[in-house]
Amino acid sequence: MESILRKRHFQSNKENQKRSWLRLLKFLIPFLILSGSVFLRAQEEAKGAFIVTVTGKIGLENLGNILPHEHVTTDFLGAEIAPQPRYSKDNAITTILPHLKNLKEKGYGLFFECTPNYIGRDVELLKALSELSGLKIVTNTGYYAAVNKKFLPKHAYTESSETLAQLWEKEWQEGIGDTGIRPGFIKLGVGKGPLDAIEEKLLNAALVLHKKSGLQMAMHTGDGEAALSEYQIITKAGVDGKNMIWVHAQNGKDKERIALAKKGVWISLDGVSSEKMDSYVTMIRILKENQLLSRLLISHDNGWGVEDEKGTISLVPFDKGKNVPYQTIHEVLLPRLQKMGFTKAEIDLITIENPIKAYSLKP
Ligand SMILES: [Zn+2]
């Protein structure tokens, strides 16, 4: 670059000089846009930004590739029915550890585990798996009101948003139960259509904790109408759209995703699988055409469900093993995006820079 600039200096013709500068600028603009996020990240690092994992606080440097929405174990039995977990920790480790070690070998360093409390969140298992695999794992606080409130504890109906926020804040400040393990984001779940009174109360509780802690709000959302309703509630509370992750944005329409992404909302396309690859590729291409790759997150939303077959508890992959858990993005999706002309900088933006920007906390 310096030698090009020096050559330009010796040209006497001013018009030529101007044209050369324009050419240089034209060459530089795409580079500057894509590397802008890297510069921003460097600034964040300098300011001491961090992520809270199940094994403690970490900085933002050398995190490797990131999966922003996955699960380890999820128990669909329903809130407060059986003491959790129902499986043996050793069996869970034997089943899941090879998959996390594999991720580490493929260059992944960080994994956001999005199973909320009362639907199988098991932070001690996450900590053991993280220590054994070397993969950093982040857990969450918050409640899940989707699926007809099946996973909501009774007190979620009677307590105020302030009291719920206090319960979640205790987890953030002191750790979950007596484990000392702290959550690194807030996870909620809502159904379709505008939020109902309970869903709105949970979101208001999340907003109270978000304002105190800066914790990102990741929301499992039934459809585009529900996402718009969430956005309206958070902006009414004076909180910017960039503090919201529209989890399962694949359930909305392109028009809805584009409108909210333009407002700064993170668009999380979860559930990437070989069978539905074409639809994910199309959604991503349309975001790119609208210059919105900087709002995109992608994940498999894989994990294991707890199943009870005549008293024998087992862990079964979510899609019954049709896809090897956590593999499809780097094995199928990313090579396909590269073939379509996505640059390395664009891939890094989606798989590294965006998740960091979405989830990191300021001191
Ligand atoms: Zn999920």
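The values are calculated or read from the model by the stated rules, or taken from the named source; none is laboratory data. As the structure is a prediction and not an experimental result, all values here were calculated from the model. Note that each Cβ is placed from the backbone with ideal geometry, even for glycine, and that neighbours are counted across all protein chains shown. The area values use the complete protein model at the heavy-atom level, side chains included, leaving out ligands, DNA and RNA. Shrake-Rupley method; radii C 1.70, N 1.55, O 1.52, S 1.80 Å.
Below, the figures for the structure above:
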{"item": "Under the Karplus curve 6.51 cos²θ - 1.76 cosθ + 1.60, θ = phi - 60°, whole-Hz ³J(HN,Hα) for segment 92-99, x wherever Gly or Pro sits", "result": "4, 5, 4, 6, 9, 3, x, 6"}
{"item": "Calculated from backbone phi, Karplus (6.51, -1.76, 1.60) coupling profile of segment 255-260 in Hz, x at Gly/Pro", "result": "4, 5, 5, 5, 4, 6"}
{"item": "Surface accessible to a 1.4 Å probe, K149 within the full protein complex, Å²", "result": "40"}
{"item": "Where the Cα pairs of segment 239-363 fall when distances are cut into 10 Å bins, in %", "result": "12, 41, 30, 13, 4, 0"}
{"item": "Relative contact order computed over segment 278-363 (Cα-Cα under 8 Å; 6+ residues apart), in percent", "result": "32"}
{"item": "Using θ = phi - 60° and Karplus 6.51 cos²θ - 1.76 cosθ + 1.60, couplings along segment 245-252 (whole Hz; Gly, Pro as x)", "result": "9, 7, 6, 6, 5, 5, 7, x"}
{"item": "Over 29 Å (Cα to Cα) - which of K253/K339; K154/K362; K57/K253; K104/K322; K170/K320; K106/K150 fall in this group", "result": "K154/K362; K57/K253; K170/K320; K106/K150"}
{"item": "Trypsin sites (Lys or Arg not before Pro) within segment 309-362: DSSP coil, no more than 13 neighbouring Cβ in 10 Å", "result": "K310, K320, K322"}
{"item": "Scaled radius of gyration (Cα, divided by 2.2 N^0.38 Å) that the chain gives", "result": "1.06"}
{"item": "Per residue accessible area of segment 47-359, 1.4 Å probe, in Å²", "result": "41"}
{"item": "Area of I298 that stays accessible when all protein chains are in place (1.4 Å probe, Å², to 10)", "result": "10"}
{"item": "Protein accessible area in segment 47-359, 1.4 Å probe - carbon and sulfur %", "result": "50"}
{"item": "List R285, R295, R86, ordered by accessible area with a 1.4 Å probe, largest first", "result": "R285, R86, R295"}
{"item": "Proximal aspartates and glutamates relative to K357, as straight alpha-carbon distance under 13 Å, when same-chain residues fewer than 8 apart are discounted", "result": "E44, E45, E61, D348"}
{"item": "Distance violations [Cα-Cα > 29 Å] among K101/K255; K136/K310; K242/K288", "result": "K101/K255; K136/K310"}
{"item": "Loop GluC sites (Glu not before Pro), segment 75-120 (other Cβ atoms within 10 Å of the site Cβ: 15 or fewer; DSSP)", "result": "E80"}
{"item": "Amide H within-cut-off set for D223, under 5 Å, with H built and near neighbours excluded", "result": "G193"}
{"item": "Whole-number percent relative contact order across the chain, with pairs defined as alpha carbons under 8 Å at least 6 apart", "result": "19"}
{"item": "Restricting segment 256-327 to GluC sites (Glu not before Pro) in coil, as DSSP defines it, with at most 11 other Cβ within 10 Å", "result": "E275"}
